[in-house]
Amino acid sequence: MVTETDEVGTALERVREADPGRPVNLAELVVLGAERKIELIERTQGDEQRRAELRERLLRRTNSGAGIDWDALVDVHERGWTHPADG
């Protein structure tokens with residue numbers, strides 16, 4: 001049994017308007033919704049894993065100093081965002 005809240009009612013109405021005259025198949029909607037939910041979860045987990053990998057890579061690079069432009073770092077430290085721009 002599905003309780004037809006305002007949100008559920010709106011969703012059902014959109015389905016009915018998209019395909020007038022045909023009954024809404026709730027089982028199909030649940031399956032499709034579950035598949036979409038799984039896609040979103042997997043995408044979120046993939047994004048989180050990618051961010052974790054990038055953080056780890058940045059940590060390794062900053063610990064080793066590899067790929068760091070030291071002159072640019074000193075310049076930002078000395079004249080960075082807290083000081084007015086020249087000119």
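Between Glu17 and Arg50, the distance separating the two model label sites (each 7 Å from Cα on the Cα→Cβ line) works out to 3.4 nm. With n ≥ 4 as the cut-off for DSSP H runs, can you work out [θ] at 222 nm for the chain, using -39500 (n - 2.57) per run divided by the number of residues, rounded to the nearest 500? Calculated from helices alone, the mean residue ellipticity at 222 nm is -24500 deg cm²/dmol. Solvent-free Debye calculation, one equal scatterer per alpha-carbon of segment 6-79: log10 I(q)/I(0) at 0.15, 0.17, 0.25, 0.26 Å⁻¹ equals -0.71, -0.82, -1.07, -1.11.
Every read-out reported here was derived from the displayed coordinates using simple, explicitly stated rules and does not represent laboratory data. As the structure is a prediction and not an experimental result, all values here were calculated from the model. Quick reminder, even Gly has a Cβ in these numbers, built from the backbone with ideal geometry, and neighbours come from all protein chains shown.
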